[in-house]
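To keep things clear, I will list the structure first and then write my remarks on it.
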Amino acid sequence: MTRLSTHDAIIIGAGPAGTSVALTLARHGWAVAIVEKSTFPRRKVCGEYMSASNLALLDQLEVGDAWRANAGPEIRRVGFFSGETGVEAPMPHAKDGFGRALGRDILDCLLLQAARFAGVEIFQPYRAVAIDRDGETQMVRIQAGNETAMLRAPVIVAAHGSWEPGALPSQLGKSNRPSDLLGFKAHFTGSSLAPDLMPLLVFPGGYGGMVSADHGRLSISCCIRRDMLARLRERRGPNESHVTAADAVFRHLIDSCRGVRGALESAHPDGPWLAAGPIRPGIRPCYEGDIFRVGNAAGESHPIIAEGISMALQSGWLLTSELAGASDDRPGREAAGRRYEAAWKRLFSTRIYAAAAIAGIALRPGSATLMAAIVRNFPQALTLGAHLSGKTKPVPGFV
């Protein structure tokens, strides 16, 4: 017999966006369920840096103290590593100080634990496989192995990201293009990178970043065009047939950036490389038919500006600010959806467009040399870019 449970809202995905929605709605008296396909703790392809503008929001979510206790050092400088070039500039100062980095294996557990304490019912590891309307509510079918359950709620929040295609109406279709950006991520220990420095890495066919995170770990993440990755793998000799895509990307990083070589000269991998994607930058509908999108499902900036976690948390806060006071009927939810989408665009559009412009330059053939020349002669461009990316922009309601 299939289990059936009824809630006020069902959140699909337990990353920062989903859990911030779930625990905030639960504290407003909503009956909330989270559906998460992965077991925790889990590592994710993510830059892991979070701007200081989120600290008041983390305190509101009641995880601020735990975040401060676990996160890495304050990032006071932004840098640029490309070829033989290494340039540094001050990180713009936010009202609450400077950002820090915390591994997703720790951050996601902190947020999910807070959601559980707030009374959220958690279905993990379960995968949402279908959403169907049932009058004024919607039915979500979830599966874990051979076990199936049905959840019912008037509000569905899609917090499943944009990288994994599927049959849900909130998920993106699958397509493979030569220009697709594929993401890679790894942790290292023993790095010599200055702990307060977060450099942007620009190399042929891609870009990335490095940051000192929690417990002495260096987090390095990057994305690379699919066609460039294919060329890198084609260059392997007959004795290198075992080289993985991650190995090829790592060698490319080492060969292309003196700063990366220096930082990792005496470092050791802490776990395997992760891969994900393709990345789908852009703005998507935030609300369609009682399905609200948050995080990357709502819109995604190029990760070149390191604002993914900030946008995830803040989009969840924007949605709950509208939903918590909405009338309990479909017209009320539709009005909340329109207000949420307008607020989302006001807060994030500039940084998405800025990220697209910077990434477009970085990915253009031969542009690494041009960018290196610019930042060598005008290091303040790095500070300006960090400011335009939203690192000092306060979250609405926390000014």
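The values are calculated or read from the model by the stated rules, or taken from the named source; none is laboratory data. Bear in mind the structure is a predicted one, so any value in this text is a computation, not a measurement. No Cβ is skipped: glycine too gets one built from the backbone with ideal geometry, and neighbour counts run over all protein chains shown.
In region 341-364, the residues that are free of Cβ contacts under 8 Å to residues at least 12 places away in the same chain form Cβ pairs under 9 Å with partners that are assigned to a helix (DSSP H, G or I), at six or more places apart or across chains, as follows: 360/367; 361/367; 361/370; 361/371; 364/370. Among the residues here, residue 313 qualifies as under 15 Å from residue 21 (Cα atoms), among the hydrophobic types (A, V, I, L, M, F, W, C) and surrounded by 22 or more Cβ atoms within 10 Å (Cβ to Cβ). Restricting 112, 151, 61 to those that are within 30 Å of residue 330 (Cβ to Cβ) and in contact with a strand residue (DSSP E or B) (Cβ under 6 Å, 6 or more places away or on another chain) reduces the list to 151. Which of the residues belonging to region 53-92 are out of contact with any Pro (no Cβ under 9 Å at 6 or more places or on another chain), of a type in the set (A, V, I, L, M, F, W, C) and within 30 Å of residue 373 (Cα to Cα)? Correct list: 91 only.
Per this entry, residue 355 is not counted among residues that are in contact with a Gly (Cβ under 7 Å, 6 or more places away or on another chain) and either assigned to a helix (DSSP H, G or I) or at pLDDT 90 or above (or both). Out of the residues in region 245-277 that are touching a helix residue (DSSP H, G or I) at 6+ places or on another chain (Cβ under 7 Å) and outside any helix (DSSP H, G or I), which is surrounded by the most Cβ atoms within 10 Å (Cβ to Cβ)? In this case the residue turns out to be 273. Listed by first and then second residue, the pairs with beta-carbon distance under 6 Å, at least 6 apart or on different chains, first residue in region 247-268 and more than 17 Å from residue 198 (Cβ to Cβ), second hydroxyl-bearing (Ser, Thr, Tyr), are 268/189.
Take residue 172 and decide whether it is surrounded by fewer than 23 Cβ atoms within 10 Å (Cβ to Cβ), part of a loop (DSSP other than H, G, I, E, B) and within 17 Å of the chain's Cα centre (by Cα). Answer is yes for this residue. State whether the residues of region 320-330 include one that is under 28 Å from residue 208 (Cα atoms) and in a helix (DSSP H, G or I). No, there is no match, as no residue in region 320-330 is under 28 Å from residue 208 (Cα atoms) and in a helix (DSSP H, G or I).
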